[in-house]
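The structure appears below as structure tokens.
The values are calculated or read from the model by the stated rules, or taken from the named source; none is laboratory data. From a predicted model like this one, the values you see are computed outputs, not experimental measurements. Every residue, glycine among them, receives a Cβ derived from its backbone with ideal geometry; neighbour counts consider all protein chains shown. These accessible areas exclude ligands, DNA and RNA; they are computed on the full protein's heavy atoms, side chains included. Shrake-Rupley method; radii C 1.70, N 1.55, O 1.52, S 1.80 Å.
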Amino acid sequence: MARIIDGETERMAILYERYKMRVYSYFFRVTCGDRETSEDLTHNVFYKAIRYCRSFTGQGSFASWLFKIAHNTALDYNRGKKNSLSYEVAADIRSVQDFLSDEDETGKREQIASLSLALKNLEHDEREIIVFGKIDCLRYREIAGILGTTEGNVKIRMFRALKKLKDIFMKIESSRYEKERS
Amino acid sequence: MKKKDRKEKLQYLFKGDLSPDETEELNSELKKTGSADDEIDSLGMVSELIDRVSVDEPSSSMDQRFYEMLADEARETSSAGITGHRSGRVRSNSFYAGLRVAAGIALFLLGWFMQSWFGQRSDPRDLAKLSGEMKDLRETLVLTMLDQPSSLERIRAVNMVSQLEKADDRIIESLLNALNTDDNDNVRLLSLEALLKYSGNPAVRDGLISSIKNQSSPMIQLRLAEVMVALKERKAAPELRKILTNTGMNYTVRTRINEAVTVLL
């Protein structure tokens, strides 16, 4: 990063290649599978990273600095957009299932489809903290830095979000089960 | 194990921060405990399912946009040497720009032909022939771009290689050449990363080993040492030892390369 700040802008290509899939996957998950938007937002993140590279002080890791930009970009995008999805289960599950790999056995595929739908029904910040939890290069301490809170608070929020996700997931699964029975 | 500990460990399991032993211990604990801990058990299941939700691959236009933006930004940066010409390799930019446009149009037309033929003809030989021609053209474009004076163009070329399903000998040779002779560290490093996809090819392995002596950048020396350890390539140990004789080598780099040599021997 020091060399990018010194004017070797092209070095950002290396960081882009290293982090583009992680950043893109983050957006793909927080936008509930909107590929086009995820590509646009990923582009914005790297544009800002080049433009504002001087704000990287080197105190934390590059990954946490980059995801702080991603987090703010997602917030900007999400501002004014309230998730108002309801449990229109069957049709949505079918559409999600179409994207799943054939390797997954049927039962598992249905569960994954239900889980995708459950993720859609979380609030943005709940979904985001779960997604952050799954990013391999970020530790709890770094997630806390990105969100401007404490490590303990991140753990609590993550656990609560996970619990809520599980409750919605169970609800969808039982609804699906009821529909199949009838 | 107390319920609170299990909860804590579950959080670390979710984050992927538990060792295999700790994961096993947690799993057996979860199995042992009764219905009171069903909740924790189901949270574990949900966490596992999240990992299996697939993410669509981004389109190639994402990379294209990034590299175009990077080229614009690099142009704006006034620091010397960013997009400078390499010694002895000055080319006519307009000629290559024209060539790229022509190759792009040809790729588009071939794609269009393929699509229309696909609808009208069912002979797989025609399709295979066209597909082969398209691949050749894409490879030619990569080779042309790898020879460009602008380091950004060469970076884009290496990036295009990583999108190819399979690279032929010409591409491999060009990548090895870039790794050995390109005067830009970034191009060399990205070429190395692109070559890793073909590390099963003995020629690539030998090429990587012999490139060790040509590297002066600590970043690339370290990466090559890591790669050799990952590939368990014992033949690389003497080459790594040779670069250790360089007295001006950074202490950290020296230590890590020494460690790599020890592992390989």
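Observations on the model:
- Subset of region B:174-186 [surrounded by fewer than 20 Cβ atoms within 10 Å (Cβ to Cβ) and hydroxyl-bearing (S, T, Y)]: B:T181
- Checked against the criteria, A:E10 does not count as more than 25 Å from A:G58 (Cβ to Cβ), acidic (D, E) and either open to solvent by less than 20 Å² (accessible area, probe 1.4 Å) or more than 10 Å from chain B (Cβ to nearest Cβ) (or both).
- Any hit, region A:43-60, residues being within 24 Å of B:V55 (Cβ to Cβ), open to solvent by less than 60 Å² (accessible area, probe 1.4 Å) and at the interface with chain B (Cβ under 7 Å from one of its Cβ atoms): yes
- Scan of region A:150-182 for residues that are of a type in the set (F, W, Y) and in contact (Cβ under 8 Å) with a residue 24 or more places away in the chain, ordered by number: A:F169
- Any hit, region A:143-153, residues being of a type in the set (A, V, I, L, M) and touching a Phe, Trp or Tyr at 6+ places or on another chain (Cβ under 6 Å): yes
- Residue among A:I93, A:I14, A:I5 that alone is at pLDDT 80 or above and either closer than 25 Å to B:D51 by Cβ or not aromatic (F, W, Y) (or both): A:I14
- Given (1) open to solvent by less than 20 Å² (accessible area, probe 1.4 Å); (2) away from chain A (no Cβ under 14 Å); (3) not aromatic (F, W, Y), number of the condition B:L189 does not satisfy: (2)
- Within region B:231-265, if we keep just the residues that are open to solvent by 60 Å² or more (accessible area, probe 1.4 Å) and hydroxyl-bearing (S, T, Y), the residue that is modelled with the lowest pLDDT turns out to be B:T247.
- Number of the condition not met by A:A63 [criteria: (1) open to solvent by 20 Å² or more (accessible area, probe 1.4 Å); (2) within 19 Å of the chain's Cα centre (by Cα)]: (1)
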